1. Those residues that are surrounded by fewer than 23 Cβ atoms within 10 Å (Cβ to Cβ) and part of a strand (DSSP E or B), I need them from region 343-366; list them, please.
2. Only one of these conditions is not met by residue 133: (1) over 25 Å from residue 12 (Cα atoms); (2) away from the ligand (no atom under 16 Å from the Cβ); (3) without any contact (Cβ under 8 Å) to a residue 40 or more places away in the chain. Which number is it?
3. For residue 213, are the conditions met, namely being surrounded by 24 or more Cβ atoms within 10 Å (Cβ to Cβ) and either farther than 30 Å from residue 40 by Cα or touching a helix residue (DSSP H, G or I) at 6+ places or on another chain (Cβ under 6 Å) (or both)?
4. Could you list, in sequence order, all residues of region 245-299 that are away from the ligand (no atom under 15 Å from the Cβ), part of a helix (DSSP H, G or I) and within 20 Å of the chain's Cα centre (by Cα)?
5. Here are some conditions: (1) more than 16 Å from the ligand (Cβ to nearest atom); (2) outside any loop (DSSP other than H, G, I, E, B); (3) surrounded by 14 or more Cβ atoms within 10 Å (Cβ to Cβ). Residue 93 meets all but one. Which one does it not meet?
6. Answer yes or no as to whether residue 31 is in a loop (DSSP other than H, G, I, E, B), at pLDDT 95 or above and within 30 Å of residue 440 (Cα to Cα).
7. Suppose we filter region 142-185 for residues that are near the ligand (Cβ under 10 Å from one of its atoms) and in a loop (DSSP other than H, G, I, E, B); how many remain?
Ligand code: JJW
């Protein structure tokens, strides 16, 4: 047994996102998003599930915030649904949508919980998609107008902002692998979208500074880690590129104002180039106040020719998997954090997502999800190690506060500390909720 103690002022929290929990998809003037469209496209989401009702948090947010208060968390990460604010992506804002987020944020503050707001967590207004979506630079302009209104509306109330959630997912997973909305399968499209997302991020940060907004702004990319299968150069290079797809591809522009040549060369070999316009790279490389990091899984990777985009084969090294099939690789969390510090410096970091899918169901009022506790524990141990190694971590938010709509997996994959019965919408605290309550309250746990 050892006590793992986090420093004074370290913040514990939980995270969610609008489309995954809110429901009320056609209420109070909300416009449609690309996820409303995608989830209605046969075959794209398991069981044909969609976010029409989700956890109904739009109507039940007071109950949810009471559960958060009892959980003892200091911070809560949520996202604003762009189509509630601008039902058509731009034009006139929708007062009812603004009112909802004011009521919601006021309730968080009244309960002593700090709001951390993501501006774009994948629910792009469908009307913008109809005009080209993130492939078009007009969407960048629309995003900046939306961001500006949010900074003005919620100035003084929301002090921590993230421009984008997981741009790797909203570019490559959505436009090259075709797994998420809008479900395209074209590498050039994905590379273009990734670039436009980064420019939109940079312009939003510039707007934040220009307004002299009170607070901090960052971004929340998802990262992974691959250890090479062997010391053979081809294994090392293949694993390096796979990590580079998630890390360097986004972080080099953000922190160095340039794309990594080992990756641009690779993509060029596949016929994809970045549509950089003059000034773009300076816009992207705005100074950030903090970096959000989402980490779930990592692998052992081995070179294998002609696998697709990359040449890195995931090796089953016998690591356990969570119920969604992702390998549990806590050491990868440590390694990628140290890698980020070594390459980009000691910017303050919030872990904006880390958590596990286990589909345990309630029985006699209890959900025995000891495997989730074990997963979080093992990742907190590695996080603590990273902090001892000089990684400047300020807080940890677990995904998720409650079970919710897990994108292409629909409602089949549960990540919550709180179980949601999707027939009755009844919330049941899991064993992990009670364990995390002690961690969040005490700032330490026994390992
Ligand atoms: C990769 C699957 C082919 C969310 C992926 C699928 C096919 C090579 C969880 N993070 O719900 C990554 N999440 O909304 C944000 N993060 O590939 C929040 N990444 O691969 C959570 C899914 C994901 C993924 C899912």
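The values are calculated or read from the model by the stated rules, or taken from the named source; none is laboratory data. Being a predicted model, the structure only gives us computed values, none of them experimental. Every residue, glycine among them, receives a Cβ derived from its backbone with ideal geometry; neighbour counts consider all protein chains shown.
1. 363, 366
2. Only one criterion is unmet by residue 133, namely (3).
3. no
4. Those that are away from the ligand (no atom under 15 Å from the Cβ), part of a helix (DSSP H, G or I) and within 20 Å of the chain's Cα centre (by Cα): 248, 251, 252, 253, 254, 255, 284.
5. Answer for residue 93: the failing condition is (2).
6. no
7. Summing the residues that are near the ligand (Cβ under 10 Å from one of its atoms) and in a loop (DSSP other than H, G, I, E, B) in region 142-185 gives 6.
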